[in-house]
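Presented below is the structure to which this report refers.
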Amino acid sequence: MKRREFLKNGFLISIGGVLIPKTILSCRKETLFEESSFSGKVIIIGAGAAGLYAGYILKSKGIDFQILEASNKYGGRIGKNDSFADFPIDNGAQWLHGKNNILSDFILSSNTKITLDDTENMYWFKNNLVKELPKNPEIFDEDNLPDVSFQQYANQKEFGDDYKYIIENLAGDQGASASKLSAYWNHQEEINWVSGDDDYKFEQTYFDFIETQIAKPINNEIKLNTIVKSIDYSSEIITIIDSNNQKYTANKVIITVPISILKKNKIEFTPHLPNEKTEAFSKIGMGAGMKVFLKFSTQFYDDNIVGGSICAAYANEKIGKIGEDNVLLAFIMGEQAEYLTSLGNDDAITLKLLEELDLMYNNQATKSFISSYVNNFTNKPFIEGAYSYSTINIGNSREKAAESIDNKLFFAGEAMNLNGHHQTVFGAAETGYREVINILKNNK
Amino acid sequence: MKKLILYFFFTSLTCYSQETKLSISYEYIYSPQFDKSIQTYNFDRPFLKEKQPLFINGIHSNFNHTFKNEIQLKQGFSIGYSYFRSQANNLNFNNTLYLHFIQLGYLFHYQNSKRLIGFYENIQINCVLGGLFKNINDQATQFEEHRFKSLGIGGEIIGLIGYNFQKSDRLSPFISIGYSPYYFCPNTEALLNDSKGLIINPWVNYFKFNLGIAFKIK
Ligand SMILES: Cc1cc2nc3c(=O)[nH]c(=O)nc-3n(C[C@H](O)[C@H](O)[C@H](O)COP(=O)(O)OP(=O)(O)OC[C@H]3O[C@@H](n4cnc5c(N)ncnc54)[C@H](O)[C@@H]3O)c2cc1C
């Protein structure tokens, strides 16, 4: 072949080579839905992490939306109290669990200050505070667990009564009583967890981060004090009615209210939601939960105390914060929270906790007690519990619960997370953007 | 010891081989699944001004060796390595993804010296091993105290056309296209987008195109 011939052939080959990728490149956009043809209106019910993040994404896409929030503030299960101590405390969510998640990226990029909480546990075991337990109770990460409760499985493994509240603490982390949380399904659902094991605390609060970075940019689109009572999705345009009988219309609705609200049919749907859907709601657990902050004149307590019969988990609230006040958090879930709620008032709850701490620390609690602040999520009318947990026989209920209906109703919120990130703030945020994707996907 | 093994390896190749070539090429990759994960990442992180680039451009190097044969169709083996990087530098947040592939394969080399003088074609069938890694702010991401990674395995079929210059056949430019069905461990989406539910299928397909130059060693 002559040089000229080679050049000719070579030229053709390279043109082909360059053209093929060019053609493919033209349909390779950097972002999903770079040009979305959706021009309708989206209404989001609930301004917790899921609703706020969904709104934040819609705003970035220039899509018309409004958030209807029942309470008088946004944040849902994230909140803060500035006045109880000389540092801000988190009313609800406070730890960033792991760093492989969307909010962690946001936290890093916004230079939000967080610190690793690597404090050690002390166990209240056989009426003594001990650093180590005779038997390791971390038995719920194994494969082939039976579909029985944490408590039953612990009994099968011969963890006797002495371990009852240690196991209660493990279940409490999952927002449940040890008698109700499924060993099998909890493990199955957590298999997908990718965020990592470390816990981080905010120098300010989780709420501050959510407020400045996510809620403020969409503040104009949030309507507070708007309790959604009914949703009629029988026609193309969806009609929503609030407790003041005000009407709102939308093409798509993202429902982010806690699973407890859906389980109790606090929102009426026309037509009724399919049975499969309501059954799925009913199988997802959501138990009682509260946080009690106790302020003391001295720090007589350890950083983490696990295994109390009144409260299975206490934590030093000052960790990661800048301040002088000694605040101990009592993190109470499941049956323990039910019991304390049944006492009827905050003083009675505080007294019970002080009694327990006195027993653990030689009467030092009552002596140095200053004040308390009880934040009971069980009683909050628009939350009614802590967070979702895996019940015995939950199966694929989360998937069923999260399925959209008629391409009109979309379900988000921590309980609808299928990534194993349920029970978390970033898990709720993930469902927020997931449902925006589902809306846009079906309306190309 | 290592040096000794390498010495024997190369001397054995040069003694018995028909041809031994080293090549370096630009590699273009197109994988709808990788694209979708990164596009989702960019979609759900509007707070990052600079978007994460898709995996598109990479480099590939290859070592191949064809055995002596009287007929025009020769056979041999090849070892290749491809490298892709996707980096987005945002304020306080620098996200870098690394994608590596190692290809081990068998090749068929065809040269018809009468019809298309100078041109040769290779068909290559490879087994591919791959790894996907991520650094945030120059630190490897961790999961359960280990480097967070996603490993995979797949097959690859490649068609290559090259040209040997008549005066000196030491250098030969080539282009190739390839296709690979590939199975990544289900961590891929988690690594790219911190999620697991959006693109459930861990099967990845990719197409690739290479443009490069091969150096004949022997
Ligand atoms: C005590 C406690 C501690 C926690 N600790 C952590 C932690 O450390 N780290 C972590 O990641 N997560 C933690 N969580 C979980 C985390 O707070 C939740 O997973 C997350 O905030 C849930 O967000 P969401 O948007 O799904 O729901 P929500 O935040 O509950 O938002 C739902 C919103 O819907 C509104 N609503 C309800 N009914 C109606 C109605 N009819 N009309 C209009 N609006 C309505 C509610 O008022 C609420 O604002 C904790 C939760 C609790 C309770």
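The values are calculated or read from the model by the stated rules, or taken from the named source; none is laboratory data. On a predicted model such as this, the values are computed, not experimentally measured, just so you know. Here Cβ is always computed from backbone atoms with ideal geometry, including for glycine, and neighbour counts include all displayed protein chains. The protein model used for the area step is the full one, side chains on, heavy atoms only, and it has no ligands, DNA or RNA in it. Shrake-Rupley method; radii C 1.70, N 1.55, O 1.52, S 1.80 Å.
Select, from A:Asn407, A:Asn362, A:Asn442, the only residue that is more than 10 Å from the ligand (Cβ to nearest atom) and at pLDDT below 95.
A:Asn442
Quick check, is A:Thr391 within 13 Å of the ligand (Cβ to nearest atom) and crowded, with 19+ Cβ neighbours inside 10 Å? The answer is no for A:Thr391. Scanning segment A:394-418 for residues that are assigned to a loop (DSSP other than H, G, I, E, B), in contact with a helix residue (DSSP H, G or I) (Cβ under 9 Å, 6 or more places away or on another chain) and open to solvent by 10 Å² or more (accessible area, probe 1.4 Å) returns A:Gly395, A:Asn396, A:Glu403, A:Ser404, A:Asn407, A:Leu418. Being touching a residue at least 60 places away in the same chain (Cβ under 8 Å), open to solvent by 10 Å² or more (accessible area, probe 1.4 Å) and out of contact with any helix residue (DSSP H, G or I) (no Cβ under 6 Å at 6 or more places or on another chain) is a property that holds for A:Ala70. One residue alone among A:Lys126, A:Lys99 is more than 14 Å from chain B (Cβ to nearest Cβ), open to solvent by 20 Å² or more (accessible area, probe 1.4 Å) and over 24 Å from A:Val292 (Cα atoms), and that residue is A:Lys126. A:Ala415 meets all of the listed conditions (1) small (Gly, Ala, Ser); (2) within 10 Å of another protein chain (Cβ to nearest Cβ); (3) under 18 Å from A:Glu190 (Cβ atoms) but one, namely (2). Within this structure, B:Glu156 passes the test of being within 17 Å of B:Tyr206 (Cβ to Cβ) and either within 11 Å of chain A (Cβ to nearest Cβ) or surrounded by 20 or more Cβ atoms within 10 Å (Cβ to Cβ) (or both).
Quickly run through segment A:76-95 and pick out the residues that are near the ligand (Cβ under 6 Å from one of its atoms), out of contact with any Pro (no Cβ under 9 Å at 6 or more places or on another chain) and either within 14 Å of another protein chain (Cβ to nearest Cβ) or open to solvent by 20 Å² or more (accessible area, probe 1.4 Å) (or both).
Scanning segment A:76-95 gives A:Ala93, A:Trp95.
Name every residue in segment B:168-209 that is assigned to a strand (DSSP E or B), within 9 Å of another protein chain (Cβ to nearest Cβ) and touching a Phe, Trp or Tyr at 6+ places or on another chain (Cβ under 7 Å), in order of residue number.
B:Pro173, B:Ile177, B:Phe207, B:Phe209
If you go through segment B:38-54 and keep only what is open to solvent by less than 10 Å² (accessible area, probe 1.4 Å) and more than 7 Å from chain A (Cβ to nearest Cβ), you end up with B:Ile38, B:Tyr41, B:Gln52.
Picking from residues in segment A:106-123 that are in a loop (DSSP other than H, G, I, E, B) and under 12 Å from B:Leu91 (Cβ atoms), the one that is nearest to the other protein chains (Cβ to nearest Cβ) is A:Asn111. Tell me whether segment A:33-54 contains one or more residues that are under 27 Å from A:Thr212 (Cα atoms), within 11 Å of another protein chain (Cβ to nearest Cβ), at pLDDT below 95 and open to solvent by less than 50 Å² (accessible area, probe 1.4 Å). Scanning segment A:33-54 turns up at least one residue that is under 27 Å from A:Thr212 (Cα atoms), within 11 Å of another protein chain (Cβ to nearest Cβ), at pLDDT below 95 and open to solvent by less than 50 Å² (accessible area, probe 1.4 Å).
Among the residues of segment A:396-424, those that are touching a residue at least 60 places away in the same chain (Cβ under 8 Å), within 28 Å of A:Leu96 (Cβ to Cβ) and touching a strand residue (DSSP E or B) at 6+ places or on another chain (Cβ under 7 Å) comprise A:Ser397, A:Arg398, A:Ala401, A:Phe410, A:Phe411, A:Ala412, A:Glu414, A:Ala415, A:His422, A:Gln423, A:Thr424.
Here are B:Tyr183, B:Tyr179, B:Tyr206: which of them is among the hydroxyl-bearing types (Ser, Thr, Tyr) and in contact (Cβ under 8 Å) with a residue 60 or more places away in the chain?
Values: B:Tyr183 fails: in contact (Cβ under 8 Å) with a residue 60 or more places away in the chain; B:Tyr179 fails: in contact (Cβ under 8 Å) with a residue 60 or more places away in the chain.
Answer to the check: B:Tyr206.
Listed conditions (1) basic (Lys, Arg); (2) open to solvent by less than 80 Å² (accessible area, probe 1.4 Å); (3) away from chain A (no Cβ under 14 Å) are all met by B:Lys134, apart from (3).
Six or more apart or on different chains, Cβ under 9 Å: which pairs go from a residue in segment A:127-155 that's on the phi > 0 side of the Ramachandran plot to one that's outside any loop (DSSP other than H, G, I, E, B) and surrounded by 11 or more Cβ atoms within 10 Å (Cβ to Cβ)? Could you list them? Sorted first by the residue in segment A:127-155, then by its partner, the pairs are A:Asn127/A:Leu359; A:Asn127/A:Met360; A:Asn144/A:Tyr184. Among the residues making up segment A:230-263, those that are near the ligand (Cβ under 10 Å from one of its atoms) and assigned to a loop (DSSP other than H, G, I, E, B) are A:Ser243, A:Thr256, A:Val257, A:Pro258. Of note, B:Ser150 does not satisfy the criterion of being hydroxyl-bearing (Ser, Thr, Tyr) and away from chain A (no Cβ under 11 Å). Kindly provide the set of residues from segment B:185-218 that are open to solvent by less than 30 Å² (accessible area, probe 1.4 Å), under 15 Å from the mean Cα position of the chain (by Cα) and not basic (Lys, Arg), ordered by number. The answer is B:Val204, B:Tyr206, B:Phe209, B:Asn210, B:Gly212. All of B:Asn89, B:Asn57 fail the test of being open to solvent by 10 Å² or more (accessible area, probe 1.4 Å) and under 30 Å from A:Tyr56 (Cα atoms), apart from B:Asn89.
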